[in-house]
Number of protein chains: 2
Amino acid sequence: MASLRVLSFAVSLDGYSAGPDQSLEQPLGLRGPELMDWFFPTRTWRQMQGQEGGETGVDDRMAAQSFHGIGAWILGRNMFGPIRGPWPDAQWRGWWGEEPPYHTEVFVLTHHPRPALAMQGGTTFHFVTEGIDAALAQARQAAGDRDVRIGGGPGTVRQYLRKGLIDELHLALRPVLIGGGEPLFSGLDLHQLGYEVGERIEGERATHLILRRRPADTAR
Amino acid sequence: MASLRVLSFAVSLDGYSAGPDQSLEQPLGLRGPELMDWFFPTRTWRQMQGQEGGETGVDDRMAAQSFHGIGAWILGRNMFGPIRGPWPDAQWRGWWGEEPPYHTEVFVLTHHPRPALAMQGGTTFHFVTEGIDAALAQARQAAGDRDVRIGGGPGTVRQYLRKGLIDELHLALRPVLIGGGEPLFSGLDLHQLGYEVGERIEGERATHLILRRRPADTAR
């Protein structure tokens, strides 16, 4: 079976994967952009924005890899937009403009139904109200033999981790102190859930850590 | 004034600086030794144990630096031993045998008075019952123009951080998942407390991060 992966997922030294107070003006929360300051300078990101240039080192390689072989995405609702509660109308079409960077089927977790939304460039947003297992089943179906990537946010990643469903978690540890916001590890015993750190790769602006499930016999 | 420093202080990727269930048999708690697996292979550590050999790379350099210019130490009680509550007698003389690796005055925080304990090699343990400010004042007095180093544990470091008393915090981030034990960052807003990450130095087995106080004008 294809893998369920979390890739290029930033976490601060003090354990936060999103800053506090997300809003229309601050999609990543207060100080949240500091989490992404390894990704934004890369050529990979700049190309996604239709821009020239950008850095081409280790961080860029890690960023580029995280888009390879992905057949579908899963996003928590806050990754799609700042609106909470029922959708007032169909006006909000995501943070990314008319051509989002996914280019696959994207399954957005929400408690509030909404018709699928086809965007330019091959991205279609599906709004899944039946929970994380249903979203995963639909994403796997859409992805075929390619992998499913969870884009975040931290709450969504934690839900899938807690069920042991994630095969690979690539964290980009940023040497910054966010001080508050959404924690990634808090209250999760990743050792008991069966994970270990398989690789550590030092990038220019982040330390990349690849978490995978331990072979079962080393559990203790 | 000389600095108050925490040096070569290990933290796991998931934010723990000590494993759960410290005991006589497990001074560092369950899986705690994984936190120190960057320090134990170094020449610095082996020399402290009277052993030959050891690695001499970046981790060793960071370990060695953390003993330079230190005029006194502060330890939380669990760093001194596994005994909780009143001292039953004077039999317990620390984790380290008759010649502990400090070679200075060492101030141990405890609620239970006990006479000072002079060991071989110039280490004397003083048991301070008047709290962290008193311990710091006594340690500064003993250190003169040299620095005071806090050895740990995490609870002690957190108490001094919360008061903004620490000038420099060198963390050795280990790519391991401890899953439980004593968290370092949890509930502490290090940004609000005025700290920032000044340097990131990649070692063989740990990523070294140097936290310092931000210049006051960048606070927000």
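The values are calculated or read from the model by the stated rules, or taken from the named source; none is laboratory data. As the structure is a prediction and not an experimental result, all values here were calculated from the model. Here Cβ is always computed from backbone atoms with ideal geometry, including for glycine, and neighbour counts include all displayed protein chains. Accessible surface is based on the protein model in full, side chains and every heavy atom, while ligands, DNA and RNA are left aside. Shrake-Rupley method; radii C 1.70, N 1.55, O 1.52, S 1.80 Å.
For B:Pro100, the criteria (1) in contact (Cβ under 8 Å) with a residue 12 or more places away in the chain; (2) over 15 Å from the mean Cα position of the chain (by Cα); (3) within 23 Å of B:Ile70 (Cα to Cα) hold in every case but one, which is (2). A Cβ distance below 7 Å, combined with a sequence gap of six or more or placement on separate chains, defines the contacts here; from the stretch B:179-197, residues that are closer than 14 Å to B:Ser17 by Cα and within 7 Å of chain A (Cβ to nearest Cβ) reach residues that are in a loop (DSSP other than H, G, I, E, B) and aliphatic (A, V, I, L, M) in the pairs B:Gly179/A:Leu190. Across the stretch A:193-220, the number of residues qualifying as buried (at least 16 other Cβ atoms within 10 Å of the Cβ), under 20 Å from B:Arg31 (Cβ atoms) and of a type in the set (Val, Ile, Thr) comes to 2.
Residues in the stretch A:14-53 that are within 12 Å of chain B (Cβ to nearest Cβ), open to solvent by less than 20 Å² (accessible area, probe 1.4 Å) and touching a Lys or Arg at 6+ places or on another chain (Cβ under 7 Å): A:Gly19, A:Trp38. Note on the stretch B:98-192: enclosed strands (runs of 3 or more DSSP E) holding 2 or more residues that are over 30 Å from A:Val176 (Cβ atoms), open to solvent by less than 30 Å² (accessible area, probe 1.4 Å) and touching a strand residue (DSSP E or B) at 6+ places or on another chain (Cβ under 8 Å) are B:105-109, B:124-128. Counting only strands (runs of 3 or more DSSP E) wholly contained in the stretch A:1-94, the ones carrying 2 or more residues that are closer than 28 Å to B:Glu196 by Cβ and touching a residue at least 40 places away in the same chain (Cβ under 8 Å) occupy A:4-12, A:16-18.
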